[in-house]
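Following: one structure in structure tokens, then a few remarks.
The values are calculated or read from the model by the stated rules, or taken from the named source; none is laboratory data. Please read these numbers as outputs of a predicted model, since none were measured by experiment. Every residue, glycine among them, receives a Cβ derived from its backbone with ideal geometry; neighbour counts consider all protein chains shown. The protein model used for the area step is the full one, side chains on, heavy atoms only, and it has no ligands, DNA or RNA in it. Shrake-Rupley method; radii C 1.70, N 1.55, O 1.52, S 1.80 Å.
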Amino acid sequence: MTKQTLYEMLQQQGISRRGFLKYCTALTSLMALPPAMIPTVAKALESAKRPSVIWLSFQECTGCTESLTRSHSPTIEGLIFDHISLDYHHTLQAASGEAAEHAREQAMKDNYGKYLVVVDGSIPLADPGYSTIAGISNLDMLNETVAGAAAVIAVGTCAAYGGLPHADPNPTGAVSASSLIKDKPVINVPGCPPIPTVISGVLAHYLTFGSIPELDDLGRPKVFYGQSIHDRCYRRPFYDKGLFAETFDDEGAKKGWCLYRLGCKGPMTYNACATLKWNQQTSWPVESGHGCLGCSEPNFWDAGSFYQALSIPDGDYAKAAGYAVAAGVVLGAAAGYANQKIKAESAAEHTEVSVDDFSLNKKQ
Amino acid sequence: MEFFSNANDFLMWTKGSAFTIAVSIFIVGVLVRLLEILLLGRKTDYSEPRGTEWKGGLKNIISRSVVDKGTFKRAPFVIVVGYIWHIAFLVVLLFFVPHIELIKAILGLQWPGLATPLVDAFAVVAIVSMLAMLWHRMTHPVMKFLTTYEDYLVWLVTFLPLITGYIAFHRMIAPYPLALGLHILSVEILLIVFPFSKLMHAFTLFIARWYTGAMMGRKGIES
Amino acid sequence: MNGESLAGIKVQVETPEYETGNLLSIISEIQYALQQLLEHKKVHSIDLRAMPWSSGEEQKLASYLGKGEVFIELNTLGKSTFIETQFSGVWLVNHYNQEDEQIAKLIEITYLPEIVFSQKEDIKNSLERLQTALSDDKQP
């Protein structure tokens with residue numbers, strides 16, 4: 001572990017002050033901070049040290065790592081990866097087996113209390129055998145590694161909320177990292193996968209300021225997850241005007257109208273896709289004509305069909321309604337019968353009364 | 001939130017089992033209440049019919065919607081605001097696109113929706129007219145005398161879906177799943193209370209008008 | 001696909017009808033910032049990546065701002081371009097990385113973007129290099 005600051009490292013690489021300022025500009029934009037913060041970022045980076053990062057991959061598909069590494073080096077994200085010390089990532093590292101595990105242990109020992117842990121994937125609790133690394137269960141590795149961490153970043157919806165493995169009926173008993181880690185700060189960076197610049201933006205924030213960013217109720221950094229897709233969607237004016245695509249190839253779809261009726265989960269999904277976009281700012285799901293799936297939200301696999309409008313309930317209401325009709329008819333008929341019985345009874349009890357009955361002279 | 005680990009869980013519950021339960025209670029309740037009335041039947045009328053029942057019944061269902069001059073003079077506020085409220089409410093219920101999607105999914109029926117700002121304006125009208133009616137109910141001496149706790153309850157369960165819907169649409173509560181969940185939950189409360197309260201008038205109104213009209217039709221009364 | 005070349009496929013580019021409305025708000029932000037620059041020498045920048053755009057809308061902004069008298073290109077950690085727009089004091093700034101991918105896009109309202117100036121640290125470094133060179137045997 002080098003004790004150099006990031007600025008010193010850049011200088012050693014022959015990068016000018018101008019280059020450093022450019023780096024800070026891009027980094028500020030990456031962290032979704034206003035440009036007025038550039039001098040602050042520059043100042044913070046002048047004394048920032050390279051943090052050691054341990055990346056734990058549990059029940060995951062490597063999509064999150066793919067997402068991150070697809071941002072080609074040397075992008076600004078790449079630069080960040082040069083400037084953190086990624087000491088353990090069993091998919092990316094060259095070492096394997098005992099050597100790999102040794103690297104993790106060494107990093108923990110050298111930076112105890114100061115390193116960052118990135119958790120990728122959910123943790124199975126039903127049977128540890130569902131997912132092990134070097135014979136160590138995910139739960140044990142998590143507990144052991146997090147014990148000396150400064151903070152934990154849960155990358156991807158699986159690590160943040162359980163994700164796909166957690167979907168009903170959840171055979172592995174998968175749970176999120178934050179449900180197991182109680183004594184360390186956990187930053188959730190959900191998404192399936194998360195936007196690469198968001199992953200690196202969160203790392204950059206830690207690298208720059210040495211602190212964790214402001215989080216929302218679901219543990220997500222507000223700078224990236226503070227606004228819903230719907231609020232930032234360029235198709236929002238169509239929602240407001242009541243212009244909706246009704247199939248994927250009708251006139252409305254071709255004109256780029258709102259995708260609400262096609263099942264877009266944008267109104268309930270908090271993520272930065274609408275502004276940061278994907279694939280080097282080329283496009284994003286809604287721009288390419290498909291509704292948002294809500295991948296950065298808890299339970300997104302179980303929250304109804306991707307192609308059903310948000311207002312449509314799911315569950316067995318149709319079947320229940322059938323039973324309810326049958327029950328209603330039976331109970332209604334019973335009530336009707338009871339009423340008729342009461343009517344008949346009162347009719348039977350009815351006695352004819354004549355004027356004479358009211359005669360005052362009548363003897364008691 | 002004790003029972004839900006987050007707002008999304010809450011929303012899923014309202015859209016899932018809570019909705020199923022509410023709809024079931026609503027259907028059972030409405031059927032029982034209706035059959036209870038219909039199966040009671042009416043006394044056989046042995047007199048010679050001077051007209052047809054169905055003609056009078058249908059006519060009455062429609063003609064009674066026209067405001068009676070005398071009643072209007074006595075209670076103009078109730079009639080005007082009552083009409084405004086019902087129209088505004090029905091527009092919001094039936095022409096807001098997310099509602100149309102819901103109806104389409106459940107009943108398979110579909111019709112065009114209105115532009116969202118227009119629906120929003122109707123929602124405001126509905127909310128304001130409800131507040132006005134509450135104010136009228138609480139200040140008018142006769143109304144106040146006639147009002148029972150049930151009336152306030154009915155007012156509340158009708159008002160809640162409107163106000164929560166307005167809040168959800170304008171995203172005034174964050175996160176949105178909480179706002180939408182509260183709106184759906186309020187509708188479910190309305191569905192459950194509906195069959196067992198004065199809200200049943202939405203159905204019984206037509207039965208009552210039919211019976212009266214049919215009786216008059218049979219007697220050959222032209223009104 | 002019977003060996004048809006890509007060029008043979010006709011591509012129809014449609015201009016989208018929709019707009020986010022951000023164009024207008026950005027232009028009024030620029031107008032306000034220009035006033036601030038003149039009156040209080042306050043510089044201002046707008047991160048164009050921090051807001052949603054519909055396709056084509058950013059180009060519309062660029063063509064509205066147009067090209068003025070100055071074009072500067074920097075070469076550090078990849079290319080950077082600075083275009084003074086037809087509105088003097090309004091600069092369109094694009095930063096690219098070594099692979100020519102855009103890493104930042106800003107509008108700066110200033111006399112000259114800060115990063116264009118020679119930086120004190122770099123000047124110091126140059127001075128040291130020159131001093132070393134002159135004291136060396138290997139003078140030019």
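Quick look at the numbers
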| quantity | calculated |
| --- | --- |
| Sites residue B:104 and residue B:204 - FRET efficiency at Förster radius 25 Å, r taken between beta-carbons, to 0.05 | 0.35 |
| GNM result for chain A, Cα springs below 10 Å: residue of A:288, A:29, A:137 fluctuating most strongly | A:288 |
| Binned Cα-Cα distances of the protein assembly as shown, short to long, each 20 Å bin given as a whole percent | 13, 36, 29, 14, 6, 2, 0, 0 |
| Highest-fluctuation residue, A:309, A:149, A:324 considered, GNM on chain A with Cα pairs under 10 Å | A:324 |
| Net charge dipole size for chain A [Lys, Arg +1 and Asp, Glu -1 on Cβ; Debye, nearest 20] | 1300 |
| Signed unit charges on C-beta, dipole axis of chain A, positive-most listed residue A:128, A:61, A:209 | A:209 |
| Of every Cα-Cα pair in segment A:6-225, the percent that sits beyond 21 Å | 53 |
| Positive-end residue of A:334, B:17, B:6, charge dipole of the protein assembly as shown with Cβ unit charges | A:334 |
| Segment B:45-110: mean projected area of Cα convex hull, nm² | 7.9 |
| Average beta carbon contacts from partner chains per residue of C:93-106, 10 Å cutoff | 6 |
| 20 Å cut-off, amide nitrogen to a point 7 angstrom out along residue B:74 Cα→Cβ, residues in segment B:188-202 | none |
| Per-selection Rg to Rh, segment A:227-314 - Cα, Kirkwood hydrodynamic radius | 0.94 |
| Set of aspartates and glutamates with alpha-carbon distance to residue A:49 below 20 Å, sequence-local pairs under 8 removed | A:8, A:77, A:82, A:87, A:110 |
| Taking N as its residue count, the alpha carbon Rg of segment B:112-223 over 2.2 N^0.38 Å | 1.39 |
| FRET efficiency, residue A:346 to residue B:47 (Cβ-Cβ, R0 22 Å, nearest 0.05) | 0.40 |
| Rounded to 5, the percent of DSSP beta bridges in segment A:6-225 classed as antiparallel | 25 |
| Potential extension, residue A:167-residue A:134 segment - 0.36 nm per residue separation minus Cα distance | 9.2 nm |
| With DNA, RNA and ligands ignored, accessible area of residue C:32 (1.4 Å probe; Å², nearest 10) | 130 |
| Average partner coverage of A:10-16, which counts Cβ from other chains inside 10 Å | 2 |
| Accessible-area composition of chain B, carbon plus sulfur, in percent [1.4 Å probe] | 73 |
| Cysteines (scope chain A) whose Cβ has no counterpart Cys Cβ under 4.7 Å | A:24, A:61, A:64, A:158, A:233, A:258, A:264, A:273, A:292 |
| Size of electric dipole in the protein assembly as shown: Cβ of Lys, Arg +1 and of Asp, Glu -1, about Cα centre, debye, nearest 20 | 2740 |
| Fraction of beta bridges assigned by DSSP in the protein assembly as shown that are antiparallel (%, nearest 5) | 60 |
| Chain A: DSSP helices with Cα axial extent of at least 18 Å and average Kyte-Doolittle hydropathy no lower than 0.0 | A:17-30, A:196-209, A:317-349 |
| Mean residue ellipticity (222 nm) of the protein assembly as shown, computed from DSSP H runs ≥ 4 via -39,500 (n - 2.57), nearest 500 | -15000 deg cm²/dmol |
| Projected label distance in nm at residue A:143 and residue A:325, using a 7 Å step from Cα toward the beta-carbon | 5.4 |
| Candidates A:210, A:201, A:191: whichever shows maximal mean-square fluctuation once chain A is modelled as a Gaussian network with Cα springs under 10 Å | A:210 |
| Separation in nanometres of the label points that stand 7 Å from Cα toward Cβ, at residue C:35 and residue B:38 | 6.9 |
| Inter-chain Cβ neighbour average for residues A:235-244, partner chain, 10 Å | 5 |
